[in-house]
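The values are calculated or read from the model by the stated rules, or taken from the named source; none is laboratory data. Predicted model, so just to flag it, every value in this text is computed and none were measured. Ideal geometry is used to build each Cβ from the backbone, glycine not excepted, and the neighbour counts take in all protein chains shown. With ligands, DNA and RNA removed, areas are computed over all heavy atoms of the protein, side chains included. Shrake-Rupley method; radii C 1.70, N 1.55, O 1.52, S 1.80 Å.
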Amino acid sequence: MSESSVPSMMYSLQLNEFGPPSNLKYVEVKSPQLCSPYQVIVKVIAAGVNPVEYKIRSGKFPLVNVLLKFPAVLGTDFSGVIFAKGNNVTEFEIGDEVFGKIKNIYSGLGTYAQFVLVNVKNDAILKKPASITHQEAAGIGMAGLAAWSGLISYGDLKIDEEAKKLQQKVIIIGASGGVGTFAVQIAKNINNAHVTAICSGKNAELVIKLGADRVIDYTKEDFGEVLKEERESFDLVFDCIGGDEYYTKSISLLRIKGNFITSVGPNAYGSDTGTVDVMKVIAVTLGRKLFGVRNYKFISDLAVRDLPKFVTYMEKRQIATVIGHEFDLKDGVKAHEMSESHRVVGKIILNCPN
Ligand SMILES: NC(=O)c1ccc[n+]([C@@H]2O[C@H](COP(=O)([O-])OP(=O)(O)OC[C@H]3O[C@@H](n4cnc5c(N)ncnc54)[C@H](OP(=O)(O)O)[C@@H]3O)[C@@H](O)[C@H]2O)c1
C-alpha cells in the first residue's frame, strides 16, 4: 500500500444519536486507514449535502435504525485529492484530484470529514476535470445522478442528435432544488425539451436562466388548471417533491404511455417515514405501476455508469452545479437546518478545513 502523510487525527461531523441538526458534533476523530487493496483515501476539500442525510440523521428513514451504527459520519458526495491508495488501484495516483459518491448511505464512514475511504470498485470515483471546481464537483454525486437517472435512464428522454428533432415536453416539479436545477439543464441543453418548471416565484428567474421555457409558481397557481388545455401532451413529469397531489394533477397531462418519474415517491417530501408508511408507499407504488395507463417509476438505482458522460457535459458547460449555500464543515448544523427547511436553492456545499 502506498500512503502519503494522512495525519492520524482529522475533523469530522459526528452523529452519536438520532435527532435534530444540533446532534451533529464537530469533533476530532481517528483518520481512516486503508483496509482493502482497492481503496483510496481522499482528502476531502468539499462535500455535498443531500436531503437523505437529514432524513437519516433524524432517525426517520427506512431501515436506518438497523443499518446505521454510532458514532457515524454522514455524507456521500465528495471532491478532493488522493492521499493514499491500495496496491490494486491502478487507475489513480496519489495527488490526483477526484470526486464522486460513496455507495453506502448507511456506512457511517461518510464524507462530512477531512478524509474519506473510497473503494474504486464499489463507489463512484472519477478524476476531476480542471475546469470544474471542487465545490461544483462535490455537488454532482447524488443530485446530478438523480436528475440524469430521472430524465434519461428512467424517463427515456432522448439525448443529443436523436433528441433534436423531437422537442419532447417535460414538467419538472421542484425545479429550484439540488436535483431540479440539474434536471432543468439536462432537459433543455441535452434533450432539447420544452421545459415547464414548477417552483416558487422567488426562484423563477434562476430556473428560466437555467433553461426553463416557462415557470408555474406553485404558491400562487394550480398547475393542473394552468396546463389543462395541454392534457395528454407531455412526455415526462419529473417529480422531485413527492406526495399524492402532484401525482394526481400530473397524470392527465401525460400522453398515454408517458412517464411519471419521482425521486421521492408517494410520501410527501419532508414527511416522516415509519414502517407503516413504507408498507403504504410500496403498495401505492405497485398499484400505480401495475394499473396506471402512464408509467410510474420511482428512482431506486442511480445511473452511476453514466457519470463519465455527465461530466463531459459539465466540461462543455451544458450542465453546471448551482451552488446556493456554502458552509464550513464546522457549521454543518447550519447546513442541515438549511436542508431541512426545504428552501434550498441548488446545492448545499460543506468546505473542509485544510
Ligand atoms: N431516489 C433517489 O435516489 C434520490 C436522489 C436524490 C434526491 N432524492 C430526493 O429528491 C428530493 C429532492 O432532492 P433535492 O436535493 O432537490 O432537494 P432540495 O434541494 O432540498 O429541494 C429544495 C427545493 O424544493 C422546492 N420545493 C419545496 N416544496 C415545494 C413544493 N411544494 N413544490 C415545488 N417545489 C418545492 C424548494 O423551492 P421553493 O423554496 O421555491 O419552494 C427548494 O428549491 C428529496 O426528497 C431527496 O431526498 C432522491
query = What number of residues in segment 137-155 are open to solvent by 20 Å² or more (accessible area, probe 1.4 Å) and either within 13 Å of the chain's Cα centre (by Cα) or modelled with pLDDT under 95 (or both)?
reply = 1
key: Whichever residue in segment 213-232 is in a helix (DSSP H, G or I) and among the acidic types (D, E) and, among such residues, is surrounded by the fewest Cβ atoms within 10 Å (Cβ to Cβ)   = E229
remark   = Within segment 168-208, the residues that are aliphatic (A, V, I, L, M) and within 15 Å of G144 (Cα to Cα) are I172, A175, V179, A183, V184, I186, A187, I190
note = For segment 109-149 the number of residues that are part of a helix (DSSP H, G or I) and more than 15 Å from the ligand (Cβ to nearest atom) is 4
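For every residue, the table says whether it meets (1) among the polar types (S, T, N, Q); (2) open to solvent by 40 Å² or more (accessible area, probe 1.4 Å).
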{"residue": "R288", "(1), (2)": "no, no"}
{"residue": "I299", "(1), (2)": "no, no"}
{"residue": "R305", "(1), (2)": "no, yes"}
{"residue": "T312", "(1), (2)": "yes, yes"}
{"residue": "K316", "(1), (2)": "no, yes"}
{"residue": "L329", "(1), (2)": "no, no"}
{"residue": "A335", "(1), (2)": "no, no"}
{"residue": "H342", "(1), (2)": "no, yes"}
{"residue": "G346", "(1), (2)": "no, no"}
query = Of the residues S31, S58, which is under 17 Å from K330 (Cα atoms) and small (G, A, S)?
reply = S31
key: Exclusive hit being open to solvent by 40 Å² or more (accessible area, probe 1.4 Å) and of a type in the set (K, R), set K85, K101, K43, K60   = K60
ask   = Do we have I132 as surrounded by fewer than 22 Cβ atoms within 10 Å (Cβ to Cβ) and closer than 16 Å to A47 by Cα here?
value = yes
request  = Would you check if D235 is charged (D, E, K, R), surrounded by 13 or more Cβ atoms within 10 Å (Cβ to Cβ), within 12 Å of the ligand (Cβ to nearest atom) and in contact (Cβ under 8 Å) with a residue 12 or more places away in the chain?
outcome  = no
query = Which one is farthest from the chain's Cα centre (by Cα), of the residues in segment 1-40 that are within 14 Å of Y112 (Cβ to Cβ) and open to solvent by 60 Å² or more (accessible area, probe 1.4 Å)?
reply = E28
request  = Restricting attention to segment 52-87, report how many residues are of a type in the set (G, A, S) and within 16 Å of the ligand (Cβ to nearest atom).
outcome  = 3
query = If K164 satisfies every condition in (1) assigned by TED's automatic domain parsing to the domain that holds G258; (2) open to solvent by 30 Å² or more (accessible area, probe 1.4 Å); (3) within 15 Å of the chain's Cα centre (by Cα) but one, which is the exception?
reply = (3)
query = Is it true that some residue in segment 95-102 is touching a helix residue (DSSP H, G or I) at 6+ places or on another chain (Cβ under 8 Å), in contact (Cβ under 8 Å) with a residue 60 or more places away in the chain and either of a type in the set (G, A, S) or over 30 Å from G19 (Cα atoms) (or both)?
reply = yes
remark   = Scanning segment 167-195 residue by residue, those outside any helix (DSSP H, G or I), under 15 Å from D235 (Cα atoms) and out of contact with any Asp or Glu (no Cβ under 7 Å at 6 or more places or on another chain) turn out to be Q167, I171, I172, N191, N192, A193
request  = Select from segment 199-212 the residues that are open to solvent by less than 90 Å² (accessible area, probe 1.4 Å) and out of contact with any helix residue (DSSP H, G or I) (no Cβ under 8 Å at 6 or more places or on another chain) and write down the one among them that is farthest from the ligand (Cβ to nearest atom).
outcome  = I208
query = Within segment 50-70, is there a residue that is polar (S, T, N, Q) and in a strand (DSSP E or B)?
reply = no
